[in-house]
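Participant: Mind looking over this structure? Questions follow.
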Amino acid sequence: MKKIKEICNQIKINRENKKKSIDEVASILKIKTELLILIEAGKFQTIENNIYSKGHIRTYLEWLGMDSKQLFDLLKEKCVYKVSFKKKHFTTPVFYTSKKYIVLICVIILFVVANSWNKLFLKDIYRSSSQEEERIDYKEKNYQYDQKIKTNSPNEIKFEGKAKTSVVSLEATSDSWIQIERLDGSIYASKILKEGEKIIISDEKDLILITNNAGGIVIKVKDIIIKPLGEIGMIKRDISLNPNDLLKIKNN
């Protein structure tokens, strides 16, 4: 231990000969002041036995122009490093993260992003698809009618009901799909009215009109023209074809 003490005294003398304080050396070599104090005091038993501490000791001695091998051989011979002491000098924190957790986090993030995208964009696509379904090619629909259709002229169709007096008529100013239903859900009539084509409805009560072109249909109660139900291309539902209800529309 005497030889170790002599080396430590020489370390201090060499530093003082360089006219450097402990703090100045610590700043130059990037070594903590506390470790330099322990080295010069010869208190190696309180320094952690690891590669970082040994590296700093070697760096300090070489900076002073001294042989570090002699000191390490003496420390090993005297078994100064036989115990690991407080880990407070030059320890580097290391964080370990399992790869499976990283993969799991990435999957969760992707799921959240995809779900958000679905809500923001697919909702609009679904809405557009629903509207497009409203405008399907009605020519492909083959509805079965309970009524017998009788054509009086190329542009006029009469649906025979229980009564023979015609009160309400529908005339297309542009191609329009119409469907007329009874309150029980059965279909009275369903077809595409070509421009100029006309439907005359017998006095069957409680009929409801659905059309995909509200502005392309002119409704008459006898000879009275009802104001347009809406704009061209507008879908309208649940329009009562009761003559009294239609006349209320005219008067509004």
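The values are calculated or read from the model by the stated rules, or taken from the named source; none is laboratory data. This structure is a prediction, so every number in the text was calculated from the model and none was measured. Glycine also receives a Cβ, built like all others from the backbone with ideal geometry; neighbour counts cover every protein chain displayed.
Participant: Can you report the number of residues in the stretch 1-36 which are out of contact with any helix residue (DSSP H, G or I) (no Cβ under 6 Å at 6 or more places or on another chain), more than 14 Å from residue 59 (Cβ to Cβ) and of a type in the set (A, V, I, L, M)?
Facilitator: Summing the residues that are out of contact with any helix residue (DSSP H, G or I) (no Cβ under 6 Å at 6 or more places or on another chain), more than 14 Å from residue 59 (Cβ to Cβ) and of a type in the set (A, V, I, L, M) in the stretch 1-36 gives 2.
Participant: Looking at the stretch 45-56, I want the residues that are of a type outside the set (Phe, Trp, Tyr) and have a partner that is outside any loop (DSSP other than H, G, I, E, B) and at pLDDT below 90 with Cβ atoms under 6 Å, at least 6 apart or on another chain. Which pairs are those?
Facilitator: 47/53
Participant: Working carefully through the options 205, 191, find the one that is within 14 Å of residue 171 (Cβ to Cβ), touching a residue at least 12 places away in the same chain (Cβ under 8 Å) and among the charged types (D, E, K, R).
Facilitator: Exactly one residue qualifies, and that residue is 191.
Participant: Can you name the residue in the stretch 213-252 that is part of a strand (DSSP E or B) and either surrounded by 14 or more Cβ atoms within 10 Å (Cβ to Cβ) or not assigned by TED's automatic domain parsing to the domain that holds residue 179 (or both) and is also farthest from the chain's Cα centre (by Cα) among such residues?
Facilitator: The selected residue is 221.
Participant: Looking at the stretch 30-51, which of its residues are closer than 16 Å to residue 64 by Cα and of a type in the set (Asp, Glu)?
Facilitator: 40
Participant: If you scan the stretch 30-45, which residues turn out to be at pLDDT below 90 and crowded, with 20+ Cβ neighbours inside 10 Å?
Facilitator: 44 - this is the single residue of the stretch 30-45 that is at pLDDT below 90 and crowded, with 20+ Cβ neighbours inside 10 Å.
Participant: Here's a follow-up. Quick test for you: out of 27, 53, 21, pick the one residue that is surrounded by 18 or more Cβ atoms within 10 Å (Cβ to Cβ) and of a type outside the set (A, V, I, L, M).
Facilitator: 53
Participant: Identify, please: which residue in the stretch 203-212 is in contact with a Leu (Cβ under 9 Å, 6 or more places away or on another chain) and part of a strand (DSSP E or B) and is, among those, farthest from residue 185 (Cα to Cα)?
Facilitator: Filtering first and then ranking leaves 211.
Participant: Kindly indicate the residue of the stretch 177-204 that is surrounded by 19 or more Cβ atoms within 10 Å (Cβ to Cβ) and touching a Ser or Thr at 6+ places or on another chain (Cβ under 6 Å) and also modelled with the lowest pLDDT among those meeting that condition.
Facilitator: 193
Participant: Further, regarding this structure: Suppose we keep only residues that are polar (S, T, N, Q) and farther than 16 Å from residue 12 by Cα within the stretch 52-90. Which one would you say is modelled with the lowest pLDDT?
Facilitator: It comes out as 84.
Participant: From 16, 24, which residue is over 20 Å from residue 69 (Cβ atoms), within 58 Å of the chain's Cα centre (by Cα) and assigned by TED's automatic domain parsing to the domain that holds residue 57?
Facilitator: 24
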